[in-house]
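One structure is given here, and the rest of the page talks about it.
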Amino acid sequence: MNIHEYQAKALLRQYGAPVSDGRIVMKADEAKTAASEMDGPLWVVKAQIHAGGRGKGSFKEAEAGEKGGVRLAKSVEEAEELTRQMLGRTLVTHQTGPVGKQVNRIYIEDGSDIARELYLALLVDRQTSRVSFVASTEGGMDIEEVAAHTPEKIVSFSVDPASGLSDFHGRRVAFALGLEGPQVKQCVALVKNLYRLFIEKDMEMLEINPLIVTPEGNIKCLDAKMGFDNNALYRQPDIMALRDETEEDPKELAASKFDLNYIALDGEIGCMVNGAGLAMATMDIIKLFGAEPANFLDVGGGATKEKVTEAFKIITSDPNVKGILVNIFGGIMRCDIIAEGIIAAVKEVGLQVPLVVRLEGTNVDLGKEIIAKSGLNVIAADDLSDAAQKIVKAVKG
């Protein structure tokens, strides 16, 4: 789960990290009052969406000169006008894709003088199963570009959970960022606070970009992005309260309410499978035969008829889906339950695209019999290879 920048800044402030003063506004009429509560004379007006690249983004149907989701205002009146220009508009960045995201919240923040821009992040290293720090002197830029062209400017190391974090780690970050004098002490304190926040709130990623050095020689977190482990949210009610459902894919949101594991992709063949490994294999074989999967959908081992129905409805709600492949290996999940769910879903939402069903395992004969007697236009498959070839042929012609 991701949260907005202003929410991340509040968490940073709570854990003692240096951030600028800011206010969140939902209506343009609130902007002038919010800006007047801060010192100025420069204010930063930031669109709040769950995507990076806001500063370089552009609004759909923007007027001349209206560029970027992060702009500077030199008066409270200008802050109000910029807020009015952004709210309710669709911001397109390299991370949102051409569809973009609607801006429903604006964060107005005190401007900061910048001497240097740095990069600092914490994330879970899947190779070592440890928390890793990533630091670079090239802040404010796409870290992927830095990694591709100047990898020597990135320093990364992990923290041994047995010994935990020490001042040494903070000094290592400080030296990697080229900090000097009192800045080193500030960095050690910041690293401790960020690590504690990361662990206590069950984060997957915490990115400060840029981490700035002010002309006075102090460090400050100028922007922040945070992602949390969905599997640990049950013990983080305060983080769950920060969830903004308007920023999430409607299909993924609907799937989460029925405890379905769903991820939207860009292909044309919808998949409904039980088991993550089998779902990955199904997507791979679809690609092998020349098509692309439209989603990852694992209905789980104990899915009910209702769950299967909802899964089918979520798949068919995607306008990009040109065909559906159901691939079920019945162990705990019985094939007759899947068959009944498919029939119920088709009768409820209709079937406008080709549907290939491959069933194997517990009650497979009964499942096939239920589908055969349903009168539905379903293409039966004997094995996974046969199923993939049939759905690709049905979609591609």
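The values are calculated or read from the model by the stated rules, or taken from the named source; none is laboratory data. The model shown is predicted, which means the values in this text are computed figures rather than measured ones. Cβ placement follows ideal geometry from the backbone for every residue including glycine, while neighbour counts extend to all protein chains displayed.
If only one of ALA380, ALA339 is without any contact (Cβ under 8 Å) to a residue 60 or more places away in the chain, of a type in the set (A, V, I, L, M) and surrounded by fewer than 24 Cβ atoms within 10 Å (Cβ to Cβ), which one is it? Walk me through how you get there before you give the answer.
Values: ALA339 fails: surrounded by fewer than 24 Cβ atoms within 10 Å (Cβ to Cβ).
Sole residue among the options that is without any contact (Cβ under 8 Å) to a residue 60 or more places away in the chain, of a type in the set (A, V, I, L, M) and surrounded by fewer than 24 Cβ atoms within 10 Å (Cβ to Cβ): ALA380.
Looking only at segment 65-92, count every residue that is surrounded by 14 or more Cβ atoms within 10 Å (Cβ to Cβ) and over 29 Å from ILE143 (Cβ atoms) and tell me the total.
So the first thing to find is which residues in segment 65-92 are surrounded by 14 or more Cβ atoms within 10 Å (Cβ to Cβ), and the list is 66, 68-71, 73, 75-76, 78-87, 89-92.
Restricting the remaining residues to those that are over 29 Å from ILE143 (Cβ atoms) gives 75-76, 78-81, 83-85, 87.
Qualifying residue count for the region: 10.
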> Does ARG126 meet the test of being surrounded by fewer than 19 Cβ atoms within 10 Å (Cβ to Cβ) and out of contact with any strand residue (DSSP E or B) (no Cβ under 9 Å at 6 or more places or on another chain)?
Replying inline: yes
> Could you list, in sequence order, the residues of segment 25-63 that are buried (at least 18 other Cβ atoms within 10 Å of the Cβ) and of a type in the set (Val, Ile, Thr)?
Replying inline: VAL25, VAL44, VAL45, ILE49
> If a residue has to be part of a loop (DSSP other than H, G, I, E, B) and farther than 21 Å from ASP386 by Cβ to count, how many in segment 330-343 make the cut?
Replying inline: 2
>> assigned by TED's automatic domain parsing to the domain that holds GLY270, farther than 16 Å from THR282 by Cβ and among the acidic types (Asp, Glu): is that true of GLU360 in this structure?
In response: no
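Hey, any hits in segment 93-104 for a residue that's buried (at least 18 other Cβ atoms within 10 Å of the Cβ), assigned by TED's automatic domain parsing to the domain that holds ASP29 and either among the polar types (S, T, N, Q) or assigned to a helix (DSSP H, G or I) (or both)? If you could, list the steps in order and put the result at the bottom.
Looking only at segment 93-104, we keep the residues that are buried (at least 18 other Cβ atoms within 10 Å of the Cβ), and these are 93, 96, 100-101, 103.
Then keep just the ones that are assigned by TED's automatic domain parsing to the domain that holds ASP29; that gives 93, 96, 100-101, 103.
This time we only want the ones that are either among the polar types (S, T, N, Q) or assigned to a helix (DSSP H, G or I) (or both), so: 93, 96.
Looking through segment 93-104, at least one residue is buried (at least 18 other Cβ atoms within 10 Å of the Cβ), assigned by TED's automatic domain parsing to the domain that holds ASP29 and either among the polar types (S, T, N, Q) or assigned to a helix (DSSP H, G or I) (or both).
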> Among the residues of segment 304-329 satisfying the criterion of being in contact (Cβ under 8 Å) with a residue 40 or more places away in the chain and part of a loop (DSSP other than H, G, I, E, B), which is nearest to GLU340 (Cα to Cα)?
Replying inline: SER317
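Residues LEU190, LEU194, LEU211, LEU179: which one is part of a strand (DSSP E or B), at pLDDT 95 or above and buried (at least 17 other Cβ atoms within 10 Å of the Cβ)? Even if it seems obvious, please write down each step before you answer.
Details: LEU190 fails: part of a strand (DSSP E or B); LEU194 fails: part of a strand (DSSP E or B); LEU179 fails: part of a strand (DSSP E or B).
Testing whether each residue is part of a strand (DSSP E or B), at pLDDT 95 or above and buried (at least 17 other Cβ atoms within 10 Å of the Cβ) leaves just LEU211.
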>> Which residue is farthest from SER129 (Cα to Cα), if the candidates are limited to segment 161-203 and must be touching a residue at least 12 places away in the same chain (Cβ under 8 Å) and small (Gly, Ala, Ser)?
In response: GLY181
>> Quick check on my filter: what residues within segment 240-288 are of a type in the set (D, E, K, R), assigned to a helix (DSSP H, G or I) and at pLDDT below 90?
In response: GLU245, GLU247, LYS251, GLU252, LYS257
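Restricting to segment 289-303, and then to whatever is part of a loop (DSSP other than H, G, I, E, B) and free of Cβ contacts under 8 Å to residues at least 60 places away in the same chain, can you tell me which residue is surrounded by the most Cβ atoms within 10 Å (Cβ to Cβ)?
Restricting attention to segment 289-303, the residues satisfying the condition of being part of a loop (DSSP other than H, G, I, E, B) are 289-292, 294, 299-303.
So of that shortlist, the ones also free of Cβ contacts under 8 Å to residues at least 60 places away in the same chain come out as 292, 294, 299-303.
Details: GLU292: 15, ALA294: 25, VAL299: 29, GLY300: 17, GLY301: 11, GLY302: 11, ALA303: 25.
Only one residue fits best here, namely VAL299.
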